[in-house]
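Student: Mind having a look at this structure? Questions to follow.
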Amino acid sequence: MSAKAKPWSHETTIQKFWVRVKPCPNCSCLLFQGYLHNGWARLRVRGFPGCPGNFVWAHRYAYALSHGVPAPGHDIHHDHDRCHHRNCVN
């Protein structure tokens, strides 16, 4: 890993994340199948910005992989009206 590489965006870390994501058979959601905390998906990712203890919410990690690290407090949800899966990372 180069000096500028971010540990949270290392290829192996990303692969381990996506292995735990499965499509919902009833909707367009992508459901994280790893650790859940009160129904919300969490994972341990070293070096993710703004996450003390290296724990990050899975939906924020998925967002960061596609769009960049979200601002603190930024609400990330693909469909407030229809998605009721706390472990959705779509």
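Student: Going through segment 15-55 one residue at a time, which ones are among the aromatic types (Phe, Trp, Tyr) and assigned to a loop (DSSP other than H, G, I, E, B)?
Tutor: Passing the criteria: Tyr35, Phe48.
Student: Please verify whether segment 65-74 includes one or more residues that are open to solvent by 40 Å² or more (accessible area, probe 1.4 Å) and touching a residue at least 24 places away in the same chain (Cβ under 8 Å).
Tutor: Yes: segment 65-74 contains one or more residues that are open to solvent by 40 Å² or more (accessible area, probe 1.4 Å) and touching a residue at least 24 places away in the same chain (Cβ under 8 Å).
Student: Something else now. Does at least one position in segment 21-38 carry a residue that is open to solvent by 40 Å² or more (accessible area, probe 1.4 Å), in contact (Cβ under 8 Å) with a residue 24 or more places away in the chain and of a type in the set (Lys, Arg)?
Tutor: No, segment 21-38 contains no residue that is open to solvent by 40 Å² or more (accessible area, probe 1.4 Å), in contact (Cβ under 8 Å) with a residue 24 or more places away in the chain and of a type in the set (Lys, Arg).
Student: Next question, about the same structure. How about segment 11-34: which of its residues are of a type outside the set (D, E, K, R) and farther than 25 Å from Arg82 by Cβ? Quick ask: steps written out before the conclusion?
Tutor: Start the filter on segment 11-34 by keeping residues that are of a type outside the set (D, E, K, R), which leaves 12-15, 17-19, 21, 23-34.
Across segment 11-34, the qualifying residues are Thr12, Thr13, Ile14, Gln15, Val19.
Student: I need every pair where a residue in segment 1-14 that is in a loop (DSSP other than H, G, I, E, B) has its Cβ under 7 Å from the Cβ of a residue that is open to solvent by 50 Å² or more (accessible area, probe 1.4 Å) and modelled with pLDDT of 85 or more, sequence separation at least 6 or different chains.
Tutor: Met1/His10
Student: When you scan segment 56-66, do you find a residue that is in a loop (DSSP other than H, G, I, E, B) and over 17 Å from Leu31 (Cβ atoms), even just one?
Tutor: The answer is no, given that none of the residues of segment 56-66 is in a loop (DSSP other than H, G, I, E, B) and over 17 Å from Leu31 (Cβ atoms).
Student: Checking the condition at pLDDT below 85, under 12 Å from the mean Cα position of the chain (by Cα) and surrounded by 11 or more Cβ atoms within 10 Å (Cβ to Cβ), which residue from His59, His77 passes?
Tutor: Only one candidate qualifies: His77.
Student: For residues in segment 39-56 being open to solvent by less than 80 Å² (accessible area, probe 1.4 Å) and aromatic (Phe, Trp, Tyr), which is farthest from Pro70 (Cα to Cα)?
Tutor: Phe55
The values are calculated or read from the model by the stated rules, or taken from the named source; none is laboratory data. Note that the coordinates shown come from a computational prediction; the quantities given were computed from them, not determined experimentally. Heads up, the Cβs are rebuilt from the backbone with ideal geometry, glycines too, and the neighbour counts pull from every protein chain shown. We work out accessible area using only protein heavy atoms, side chains counted, and drop any ligands, DNA or RNA first. Shrake-Rupley method; radii C 1.70, N 1.55, O 1.52, S 1.80 Å.
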